[in-house]
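Take a look at the structure below.
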Amino acid sequence: MRVVIVGGGPGGYEAALVAADLGAEVTIVNDEGLGGHCVLWDCVPSKTLLTSAQAFNTLETAPSLGVHFEGMPGQEVPRYEVDLPTIMRRVRDLALAQSEDISKRVLAAGVRVVLGRGRVVGPNTVEVRPSGDGGGREVERLEGDAILLATGSDPRRMDTAPTDGEVILSSKDVYKLREVPEHLVVVGAGATGAEYATAFLRFGARVTFVVSRDRILPTQDEDAAMVIEDVFERRGLETVKNARAAEVERVGDRGVVHLEDGRKIEGSHVLLTIGQVPQTNGLGLEEMGVQTNERGALVVDGVSRTTVPSIYAAGDVTAKLMLASVAAMQGRIAMWHLLGQAVAPLRWDAVAATIFTDPQIATVGLSEQRAAETGIEVEVDTLPLAGNSRAKMSNRPDGFVKLLARPGSGTIAGGAVVASYASDLIAPISEACYNRLTASQLSQAFQIYPSFAGSIQECARRLAVRVQGSYRY
Ligand SMILES: Cc1cc2nc3c(=O)[nH]c(=O)nc-3n(C[C@H](O)[C@H](O)[C@H](O)COP(=O)(O)OP(=O)(O)OC[C@H]3O[C@@H](n4cnc5c(N)ncnc54)[C@H](O)[C@@H]3O)c2cc1C
């Protein structure tokens, strides 16, 4: 089997590794370093930036733990200096190193990597135009028994809000900043906006969050969003709610957001985080009869097949759930299916995700809101972290553990964790959700004392008693 993969992000390179493992001859066509936007612009850079911001947790809590900094005993938050050029250099170096590591893994697996832009010119043919100057290479035609499209997404743009990379920024432009903005206006209340707001607030910027609804993170667990709103408020973030941006303009060296209701918000910089658009431009899909939906995303079935049998698609270009882990799983499933492995459709009811605010919000499976909207019956238990001994020791009491179980069986249907390292703490709940364990089973597994994870066990135990009447199997 020959497989041609267009796009080298997690949807593409994880699929390539699986296909190569299974003996296929694999070529990846990618127009930048392997790892794609995920590694070079989105997940890795933003989380590296946020790691620098996390250093403030230590600074902030140190005095209350009895550790004072020279010359400033008792001060709540010690004086600090943010060296943004160093932070941004680290972000860039780390992203490039990660991309390099992925390239090594993929090449070692025997995959051919072609630098250029791919276009589908037949159900089994991809034409590649060399990127940049192309090093004198000709347009190349690649034949495959199957093609996988994993071309990702790009930041959504507004005609009335042209980004200039200096004052009016997209998420990709953030890394050009060399000084902490004096006043950053973030437009868009989703995960990306909340993460950048977290980082720049910690770096000392004045941050205003412009959100079109009556709360931030409107698609997230409401209790979790409330914790973050509360923390943001304590740290001085201003939120302008029910505010829809109509236009953003640059006036001199400042940015002005004009709201639909006539209000104006001015800042030294404006960051647009208004969503992502599937990247299908120039792929030649219409000619090929590959169906797209109203969002411009490729329509796929449970095993990542498009409407053309030899063409599969994975990742953001399918706009299912725009997450690296989902892209990777869709890509692997496509290859398992193509190469005759036993394969089951992706379990959308068990996907885990994190918003890397501070504290973080990690969720898996069914949410309380979704259960209410769809009429799925669930029992819910929520345990605030304030009572957790580890949280008290660390002076990090914000957050909670929430578990959802089906009445009768007690099967874990979903959960949410709001805590400093919620992205890691969600793991046992994710396992329980995926393997359909009961609250009782989750409560029997050992956790460390004292630990944040202890709250998961405690919450599961309370839920088991309520739903199953006991905490035996
Ligand atoms: C700021 C930000 C932070 C994020 N953080 C997280 C996070 O922490 N965790 C998480 O799970 N998700 C995160 N996401 C989402 C995540 O980045 C995406 O879901 C993920 O990158 C999707 O992977 P992909 O393989 O579909 O596409 P990408 O990673 O976008 O890779 C696609 C690649 O294909 C290339 N390409 C496009 N067209 C062509 C063509 N015609 N020919 C050749 N190459 C082409 C692109 O240039 C790109 O390199 C974040 C998103 C943003 C915007």
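The values are calculated or read from the model by the stated rules, or taken from the named source; none is laboratory data. Since this is a predicted model, take the numbers as computed values, not measurements. Methodologically, a virtual Cβ is constructed for each residue, glycine included, from the backbone with ideal geometry; neighbour enumeration extends over all protein chains shown.
Data for the structure
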quantity	calculated
Considering residues of region 301-351 that are of a type outside the set (Ser, Thr, Tyr), outside any helix (DSSP H, G or I) and buried (at least 22 other Cβ atoms within 10 Å of the Cβ) only, the residue farthest from the ligand (Cβ to nearest atom)	311
Single unsatisfied condition, residue 130 versus (1) in contact (Cβ under 8 Å) with a residue 40 or more places away in the chain; (2) touching a strand residue (DSSP E or B) at 6+ places or on another chain (Cβ under 8 Å)	(1)
Scope region 170-179; condition surrounded by 18 or more Cβ atoms within 10 Å (Cβ to Cβ) and either in a loop (DSSP other than H, G, I, E, B) or modelled with pLDDT under 95 (or both); matching residues	170, 171, 177
Qualifying residue in region 139-148 (condition: within 11 Å of the ligand (Cβ to nearest atom) and under 27 Å from residue 3 (Cβ atoms))	yes
Qualifying residues in region 150-169 (those that are crowded, with 19+ Cβ neighbours inside 10 Å and assigned to a loop (DSSP other than H, G, I, E, B)) - the one farthest from the ligand (Cβ to nearest atom)	167
Region 425-473: number of residues that are free of Cβ contacts under 8 Å to residues at least 12 places away in the same chain and of a type in the set (Asp, Glu)	1
Extreme residue, nearest to residue 356 (Cα to Cα), among residues of region 210-260 that are surrounded by fewer than 20 Cβ atoms within 10 Å (Cβ to Cβ), acidic (Asp, Glu) and under 26 Å from the mean Cα position of the chain (by Cα)	229
Any hit, region 190-197, residues being surrounded by 17 or more Cβ atoms within 10 Å (Cβ to Cβ) and at pLDDT below 95	yes
Answer residue from region 261-292, given it is more than 16 Å from the ligand (Cβ to nearest atom) and not in a strand (DSSP E or B) and is surrounded by the most Cβ atoms within 10 Å (Cβ to Cβ) among those	268
Candidate set: region 352-364, residues that are more than 8 Å from the ligand (Cβ to nearest atom) and touching a strand residue (DSSP E or B) at 6+ places or on another chain (Cβ under 6 Å); chosen: the one farthest from residue 123 (Cα to Cα)	359
